[in-house]
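Input: a single structure, listed below in structure tokens.
The values are calculated or read from the model by the stated rules, or taken from the named source; none is laboratory data. These numbers were taken from a predicted model, which means no experiment stands behind them. Backbone-built Cβ (ideal geometry, glycine too); neighbour counts: all protein chains shown. Protein only, heavy atoms only, side chains kept; ligands, DNA and RNA dropped before computing areas. Shrake-Rupley method; radii C 1.70, N 1.55, O 1.52, S 1.80 Å.
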Amino acid sequence: MGKKFTMTLALLLVASMVLTACGGGQSAGGDKQVLNITETGEPPGLDSAVTTDQISFDILNNVTEGLYRVDKNNQPQPAIAKDVEISKDKKTYTFKLRDAKWSDGKPVKAQDFEYAWKRALDPKSKSQYAYILYPIKGAEEYNTDKGDKKDVGVKALDDKTLEVKLNDPIPYFLTLTTFATYRPQREDIVEKHGKEYAQDPDKMVYNGPFVMSEWKHKKSFQLKKNDKYWDKDAVKLDEINANIVKETSTEVNLYNTKKADVINVNGEFVDKYKDSKELVKVPEASNFYFQFNTKEKVFSNEKIRKAFSLAIERKTITEKVTKDGVPAQGIVPITLDVNGKNYREQAGNMIEEDEEKAKKLLEEGLEELDMDKMPSIELLGYDRENAKKTQEYMKERLKNVLGVNVEIKIVPFKQKLDLENAGDFQLSFAGWGADYNDPMTFLELWVTGNPYNRGDWSNKEYDKLIKKSQTNADYEERAKDLIKAEKIAMDEAALAPLYDRQRLKLQKPYVKGIARHPFGADNTYKWAYIEGK
Amino acid sequence: MGRFVLKRLIYMVITLWLIATITFFLMHNLPGSPLQNEEKLPPELKEIILKEYGLDKPLPVQYVNYLGNLITGDLGNSYKYDGRKVTDMIMDGFSASATLGVQAISFGVVVGLILGCVAALRRGTWIDSGATVLSVLGVSIPSFVLGALLSYYVGVELQWLPPALWEGWEYTILPSLALSFLVIAQIARYVRTEMLEVLGQDYIKTAKAKGLGRPAVIIRHALRNALIPAITIMAPLTVALLTGTLVIEQIFAIPGMGYMFVDSIQTNDFTAIMGVTMFYSFLLVVSIFIVDILYGIIDPRIRLTGAKE
Amino acid sequence: MAMNTDQLSPELFQPAEREQGAEEAVSRKRLSYWQDVRRRFVSNKGAMIGLLLIVIIGVMSLVGPLMNDFTYSDQNTDMMNISPFEKIEGDYWLGTDHLGRDLWTRIWYGAGISLLIAIIAASLDLVVGVTYGAISGYMGGKVDDWMQRLVEVLVGVPQLVVIILLLIWLEPGIFAIALALALTGWVNMSRIVRAQMLKLKSQEYVLAARTLGANTRRMLTKHMIPNVMGPVIITLMFTIPNAIFFEAFLGFIGLGLRPPQASLGVLLNDGYQMLQLYPYQCLLPATVLSLLMFSFNLLGDGLRDALDPKLRQ
């Protein structure tokens, strides 16, 4: 009786849910390709010229398209551009555009690119990612109020030809053109909506595989297949529904009740799903490390810095503590390429772990500094969940191996940045994510005088190698120089890399073909489809 | 009474102005800037953007500007959400939070009142103990644990109700329930205590002696007098629930105000901080005013209009 | 059995010795208000059980962490997330957490810190909250007006902003938490006391006392304060979990104790993230917390009954 009643109740509820779910008036046809996903937050803004966050990048990557698009293997492939002509000095790129259309039927023109890039560089746009355009001639000058708009090296020669002049012959410019800030924009649409541009689905236009059809702020959004997309035959999904869910356990609940097909999980769920095909690990081009402040007496000593790096067991962190990463092999994450080949495969593993050597080096270091005991060290940490675990583990580890007392100082993220920028820390647990697919995005941080070189480590040889590589058109030699530079920084333990992060996902077996990327935007749904649901 | 209301209205404006002023100056001492990509932003570019936002001007100038806008009802645009209007953001979040809050409070007050009354009238029996245990559990199990348990067992294991999201009425049941426990607990405890006290007083005996029926005695005399502390505590609680609770919103993926507030503070979204603060304070000040007036209605002996006059 | 009336003599009828005012004397031992409170409190079984439980939890928070070989920070990466029901080597009586730390030790250690926070919050409530509310409600008029407006301002300014600023000046830790609590933790109490004061002020016995010339001090201590004790104690019972959760909330946004220090709130926070995977990590601290709250409530009920002058026998 009781059971029956429960069943009836459950059935009624299920029925009512189904009814509400179909409230839109569409029948749930079996052949319709629908993907249900979750996002961890509200996209702060879809104006490609000014947006800075991962969620907006992800959406923009699927509703807009730049000159190039990153493919499944993370290589840039022609998209709105048909092909490109690169000058001999590798400083002038001439793109030929294909016949692509915006979602309102108007053609995508070279002028749209010129307009968007210059708009991003206009200080009045307040774009916080404008610096990604700095490789372009005159871009930095215009953006920092020192130069003129007309001197920016991007020009539409005609409707279908775009000429870009660079400062230096950088090898990664084509990957840069896949980045959100490099997308085209329509002047008429931007002007029409002014401040409200791209804040609602009908206040922008699209030229990507999908269009945004609905956006309920902070709650959900929906993408639909773009019929005006130049490569629409490659697009199989009809609809992508995204709910904004901030809590991992909530995402799992939705996944288990079939309200989401792909979700994000944290390391804790790895154990439960480790034998399941549903667990997907996506390597990220981001890296977490200990930044030593070399202005601090103890960390001015190379041997002590090395001792800290040697004492760490990176595998324990990635396999047992955070469970969402792989041990670092150097400053540059394993996902990045240089000169068309994987960087780490060329550079090798530069990390050494050795407890005994660590203890010995610590002693020698203290002797060199004329100290008899290692003082208590303050570790400036993150206030985020997984990082907190790593910090607590590291504290105990350093105490056990080196006998060093580490005090963890957790402050709000903004204050952590302030303290780091002011050099007001001893040891910091820090992280960095790649902006583009080249080791330079990491290695240039530790150049003397770079504002991000928060530990003030300095090495003349390193500076020279990086500076040379920034302008070197010989990509073969450049790759070797970068490896040499990284080796120097590692030998002197400018920092102690810990692990490269991975994104963890649960994905139903019937979801196929989502391309995931370690840098730039996270996902491309262009080739995704549902099979065997 | 008219004079009293007018005086209080003036005080309300002064209070709000003080809150705005204090919050404004405290907020600008928060570490970092309202820029989102601060971690990677080149320092030179950062300076230029701050200048474009007018954040390089001296604080008193910014303050006067802000206050000027505030008077015209303009709360400004968000820094984080790419120039979205703070007023719109508050209204978006408030509709969800308020739905939840109203349901949790109505349910909580009704159940709390009944539990409290029954416990007091049946003092010392198992009913009393049961009500006590229930209300103690209500405060001692944090709402996030309760929320997570409800979402998992009712939503996933039993599949009776949706475990999360915000699509229709059935989606509001679990989070409302999780929130209402705190209300039930507090109301029940206060009502029980006060009822016990009131029931022992002479006028209750008089009322009974006059031949008034038991329900009439309880409702007209006892309950009415027992409500004072319950109402006092309800005002801030109501405002807190209406303006959202971070954890419940997160667990049930509800687009409410709770997250907006914490997020705006953590990202230094100055205009959003001020907007939510002013909105919250306004509700709070009004609710306290209403409570003060309610005191007089519930217990005519209470006069706020100057006891010494 | 008739009596012989002859046997009655006038001598038998002596006037009783009468002491002036003797019939006015109270035969039972005279108890002061506080003596009576103690007597009634001790005879209340529930209250005594509550007190006993609190003492036990208090003692365990000091002794518990010493009862096995682990400290609250000892990690063992080979023994992570071990449930208490799993049969394993070693003395993990309540299992381990996500870093292989002994939960038994951490729960009692955390209970200690939470108790400390509870005590701080309760004292603040009693000292600041009651005094503030009593003065505001008793004085009434202009004083009340201004004191209440001040409270509104205090509550209106976002606490989180103040706390982040506090952290810039102070190091994170128990002192910063206490200070954060001190800012607004007592506001509810003061409002409850004020409301009661407003109500009591106009009651007959208070008017009588005033007419008889009682001064403010006497009025407050003899008549008003004992009569607001009921709601005060109930409020106190809510302040304590609120304070414990407030501390947990600070931990939630990363501003609480210095890890690996833990409180019950922090344990709950860590635990609830893993409710689906390792429920014991959440439910064990929740149980201890609920037990603690339950005993506080039993104690509170007893105290309330004992302190209520109208229930005096």
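Which condition number does residue B:114 fail, the rest of (1) within 28 Å of residue B:245 (Cα to Cα); (2) surrounded by 20 or more Cβ atoms within 10 Å (Cβ to Cβ) being met?
Among (1) within 28 Å of residue B:245 (Cα to Cα); (2) surrounded by 20 or more Cβ atoms within 10 Å (Cβ to Cβ), the lone unmet condition for residue B:114 is (2).
Here is a yes/no grid of residues against (1) within 11 Å of chain A (Cβ to nearest Cβ); (2) among the hydrophobic types (A, V, I, L, M, F, W, C):
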position: B:64; (1), (2): no, yes
position: B:69; (1), (2): no, no
position: B:78; (1), (2): yes, no
position: B:81; (1), (2): yes, no
position: B:90; (1), (2): no, yes
position: B:101; (1), (2): no, no
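Give the number of residues within segment A:382-413 that are under 18 Å from residue C:164 (Cβ atoms), part of a helix (DSSP H, G or I) and touching a strand residue (DSSP E or B) at 6+ places or on another chain (Cβ under 6 Å).
The total comes to 0.
For segment B:15-27, how many residues meet the condition of being open to solvent by 20 Å² or more (accessible area, probe 1.4 Å) and more than 7 Å from every other protein chain (Cβ to nearest Cβ)?
Summing the residues that are open to solvent by 20 Å² or more (accessible area, probe 1.4 Å) and more than 7 Å from every other protein chain (Cβ to nearest Cβ) in segment B:15-27 gives 4.
For segment A:465-480, give me each residue that is in a helix (DSSP H, G or I) and either touching a residue at least 40 places away in the same chain (Cβ under 8 Å) or over 24 Å from residue A:305 (Cα atoms) (or both).
A:467, A:468, A:469, A:470, A:471, A:475, A:476, A:477, A:478, A:479, A:480
Can you tell me which residue among A:104, A:89, A:99 is in a loop (DSSP other than H, G, I, E, B) and within 21 Å of residue A:167 (Cα to Cα)?
After applying the criteria, what remains is A:89.
Rundown of residues vs (1) basic (Lys, Arg); (2) surrounded by fewer than 22 Cβ atoms within 10 Å (Cβ to Cβ); (3) under 19 Å from the mean Cα position of the chain (by Cα); (4) closer than 22 Å to residue B:234 by Cβ, yes/no style:
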{"site": "B:263", "(1), (2), (3), (4)": "no, yes, yes, no"}
{"site": "B:266", "(1), (2), (3), (4)": "no, yes, no, no"}
{"site": "B:289", "(1), (2), (3), (4)": "no, yes, yes, yes"}
{"site": "B:301", "(1), (2), (3), (4)": "yes, yes, no, yes"}
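Within 14 Å of chain A (Cβ to nearest Cβ), surrounded by fewer than 16 Cβ atoms within 10 Å (Cβ to Cβ) and touching a Pro at 6+ places or on another chain (Cβ under 8 Å): does that describe residue C:164?
In short, no.
Each row is one residue, and each column tells you yes or no for (1) open to solvent by 50 Å² or more (accessible area, probe 1.4 Å); (2) among the hydroxyl-bearing types (Ser, Thr, Tyr).
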| site | (1), (2) |
| --- | --- |
| B:180 | no, yes |
| B:185 | no, no |
| B:197 | no, no |
| B:212 | yes, no |
| B:216 | no, no |
| B:220 | yes, no |
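Residues in segment A:496-526 that are of a type in the set (A, V, I, L, M, F, W, C), open to solvent by less than 10 Å² (accessible area, probe 1.4 Å) and within 15 Å of residue A:72 (Cα to Cα): how many?
Total satisfying the criteria: 1.
If residue A:365 satisfies all but one of (1) under 28 Å from the mean Cα position of the chain (by Cα); (2) open to solvent by less than 20 Å² (accessible area, probe 1.4 Å); (3) touching a residue at least 40 places away in the same chain (Cβ under 8 Å), what's the number of the condition it fails?
(1)
Just the residues that are assigned to a helix (DSSP H, G or I) and free of Cβ contacts under 8 Å to residues at least 24 places away in the same chain, please, taken from segment C:227-255.
Once the filter is applied, which keeps residues that are assigned to a helix (DSSP H, G or I) and free of Cβ contacts under 8 Å to residues at least 24 places away in the same chain, segment C:227-255 yields C:245, C:248, C:249, C:251, C:252.
Any chance segment C:233-252 includes a residue that's facing another protein chain (nearest Cβ under 9 Å), closer than 24 Å to residue B:236 by Cα, of a type in the set (Phe, Trp, Tyr) and more than 19 Å from the chain's Cα centre (by Cα)?
Yes, that holds for at least one residue.
Quick one: is residue A:323 assigned to a loop (DSSP other than H, G, I, E, B), open to solvent by less than 20 Å² (accessible area, probe 1.4 Å) and either assigned by TED's automatic domain parsing to the domain that holds residue A:429 or without any contact (Cβ under 8 Å) to a residue 40 or more places away in the chain (or both)?
Yes.
Can you pull out every residue in segment A:72-110 that is aromatic (Phe, Trp, Tyr) and either within 18 Å of residue A:62 (Cα to Cα) or within 14 Å of chain B (Cβ to nearest Cβ) (or both)?
A:102
Residue A:462: of a type in the set (Phe, Trp, Tyr), under 30 Å from residue A:181 (Cβ atoms) and not in a helix (DSSP H, G or I), yes or no?
Considered against the rule, which asks whether it is of a type in the set (Phe, Trp, Tyr), under 30 Å from residue A:181 (Cβ atoms) and not in a helix (DSSP H, G or I), residue A:462 comes out as no.
Write out, first by first residue and then by second, each pair whose Cβ atoms fall under 9 Å of each other, whose residues are 6+ apart or on separate chains, and whose first residue, in segment A:111-133, is without any contact (Cβ under 8 Å) to a residue 24 or more places away in the chain and facing another protein chain (nearest Cβ under 10 Å) while the second is of a type outside the set (S, T, N, Q) and open to solvent by 40 Å² or more (accessible area, probe 1.4 Å).
A:123/A:145; A:123/B:51; A:123/B:52; A:124/B:52; A:131/A:140
Any idea which of B:154, B:191 is over 18 Å from the mean Cα position of the chain (by Cα), in contact (Cβ under 8 Å) with a residue 40 or more places away in the chain, more than 7 Å from chain A (Cβ to nearest Cβ) and in a helix (DSSP H, G or I)?
Every option except B:191 fails the conditions.
Look through segment C:149-161, keep the residues that are open to solvent by less than 10 Å² (accessible area, probe 1.4 Å) and part of a helix (DSSP H, G or I), and return whichever of them is farthest from the other protein chains (Cβ to nearest Cβ).
If we take residues in segment C:149-161 being open to solvent by less than 10 Å² (accessible area, probe 1.4 Å) and part of a helix (DSSP H, G or I), then C:151 is farthest from the other protein chains (Cβ to nearest Cβ).
Check whether at least one residue in segment A:273-286 is at pLDDT 95 or above, assigned to a strand (DSSP E or B) and buried (at least 20 other Cβ atoms within 10 Å of the Cβ), and report yes or no.
For segment A:273-286, residues at pLDDT 95 or above, assigned to a strand (DSSP E or B) and buried (at least 20 other Cβ atoms within 10 Å of the Cβ): absent.
Return the pairs, sorted by first residue and then second, in which the second residue is of a type in the set (Val, Ile, Thr), the first residue lies in segment A:410-423 and is closer than 17 Å to residue C:176 by Cβ, the beta carbons are less than 6 Å apart, and the residues are 6+ apart or on different chains.
A:412/C:164
Take the conditions farther than 30 Å from residue A:314 by Cα and not β-branched (Val, Ile, Thr) and apply them to residue C:51. Does it pass?
For residue C:51, the condition - farther than 30 Å from residue A:314 by Cα and not β-branched (Val, Ile, Thr) - is met.
Go over the candidates A:245, A:270, A:205, A:235 one by one and state the one that is touching a residue at least 40 places away in the same chain (Cβ under 8 Å), within 23 Å of residue A:521 (Cβ to Cβ) and open to solvent by 10 Å² or more (accessible area, probe 1.4 Å).
Testing whether each residue is touching a residue at least 40 places away in the same chain (Cβ under 8 Å), within 23 Å of residue A:521 (Cβ to Cβ) and open to solvent by 10 Å² or more (accessible area, probe 1.4 Å) leaves just A:205.
Of all residues in segment C:256-287, which are open to solvent by 20 Å² or more (accessible area, probe 1.4 Å), more than 8 Å from every other protein chain (Cβ to nearest Cβ) and in a helix (DSSP H, G or I)?
C:266, C:270, C:280, C:283, C:284, C:287
Can you pull out every residue in segment A:89-140 that is touching a Ser or Thr at 6+ places or on another chain (Cβ under 8 Å) and farther than 13 Å from residue A:152 by Cβ?
Correct list: A:93, A:94, A:95, A:96, A:97, A:110, A:127, A:128, A:129, A:132.
Identify, by number, the condition in (1) open to solvent by less than 40 Å² (accessible area, probe 1.4 Å); (2) facing another protein chain (nearest Cβ under 8 Å) that residue A:407 doesn't meet.
In the conditions (1) open to solvent by less than 40 Å² (accessible area, probe 1.4 Å); (2) facing another protein chain (nearest Cβ under 8 Å), residue A:407 misses (1) alone.
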